[in-house]
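Below is one structure, written out as structure tokens, with a few remarks after it.
The values are calculated or read from the model by the stated rules, or taken from the named source; none is laboratory data. Source: prediction; values computed, not measured. Please note: Cβ atoms are built from the backbone with ideal geometry, for glycine as well, and neighbour counts cover all protein chains shown. Note: areas computed on protein heavy atoms with side chains; ligands, DNA, RNA excluded. Shrake-Rupley method; radii C 1.70, N 1.55, O 1.52, S 1.80 Å.
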Amino acid sequence: LLDAIEELRKIGVGFIASQEAGVDTTTPMGNFMIQFLGIIAEMERNNIMERTASGRQSAALAGRWVGGRYPPYGYDVDSETQKMRINPEEEQIVKKVFDWFVNDKLTTYEIQKRLFEDKVPTKADTKVRELKASKKFKKEFRTSNAECFWNEYTVTRMLRQPAYTGTYFYGKKTKHRDPKTKKWVTVVNPRELWVPITCIPIIGIEIWEKAQVRVRDNVRF
């Protein structure tokens with residue numbers, strides 16, 4: 001707000017609100033009023049964000065899914081309990097991916113290619129099909145990739161997902177706006193702030209740990 005007002009002031013333009021009495025940046029009192037309103041709006045926004053974050057954390061501590069649009073591939077969210085449950089079809093794909101990566105030594109690119117060639121639906125594809133079946137489909141949310149297209153990074157993220165061993169962590173990352181660039185950036189939170197959510201395991205801990213070793217080796221080499 002203040003940046004916008006300052007930009008206008010530099011080129012000799014004042015701001016007068018026709019529907020808000022006293023908001024006039026061409027006068028000292030009016031300039032104070034608009035800054036005061038900006039402070040109040042910022043405080044209210046921060047209060048809303050704090051209440052939302054607190055509510056999400058409480059839900060996470062109760063074991064409910066609060067992680068975003070989709071749970072990890074292999075899981076659905078129960079509409080009544082709001083807790084993660086196994087998706088049988090996706091569960092088999094998760095097991096195949098880990099088997100290909102750990103035992104067959106396929107690269108993430110080779111796994112991506114195989115999934116695409118086999119026409120395995122992504123989480124977004126499944127959601128679209130559900131919405132179409134329930135007559136609730138409004139608009140397409142695949143904006144760049146074709147149906148059943150797997151990104152290589154998505155495969156890597158699947159291989160790193162600890163939920164497959166029985167624990168999903170909420171609050172691992174936080175988004176905030178960089179004050180200098182004004183862009184949203186994601187930062188990793190300290191581990192003590194992560195909230196563990198227990199879920200049904202899909203992969204044994206042994207094969208998951210072997211996958212982590214291969215992922216780390218791939219990054220290093």
Study note, to complete from the structure: Of the listed residues (LYS95, LYS105), the one being modelled with pLDDT of 80 or more, open to solvent by 90 Å² or more (accessible area, probe 1.4 Å) and out of contact with any Leu (no Cβ under 6 Å at 6 or more places or on another chain) is LYS105
Revision key, fill the gap. Those residues of the range 34-76 that are at pLDDT 80 or above and touching a strand residue (DSSP E or B) at 6+ places or on another chain (Cβ under 6 Å) come to a total of 3
Review point. Out of the range 111-158, which residues are of a type in the set (Asp, Glu), open to solvent by 70 Å² or more (accessible area, probe 1.4 Å) and at pLDDT 70 or above?
Key: GLU117, ASP118, GLU130, GLU147, GLU152
Revision key, fill the gap. For TYR164, the lone unmet condition from (1) open to solvent by less than 60 Å² (accessible area, probe 1.4 Å); (2) over 18 Å from THR108 (Cβ atoms) is (2)
Exercise for review: Give the residues of the range 148-177 that are within 18 Å of the chain's Cα centre (by Cα), farther than 15 Å from VAL94 by Cβ and not polar (S, T, N, Q), sorted by residue number.
Suggested key: GLU152, TYR153, PHE169, TYR170, GLY171, LYS172, LYS173, LYS175, HIS176, ARG177
**Study point:** Selection count, the range 111-123, where residues are more than 14 Å from MET158 (Cβ to Cβ) and assigned to a helix (DSSP H, G or I)
**Key:** 3
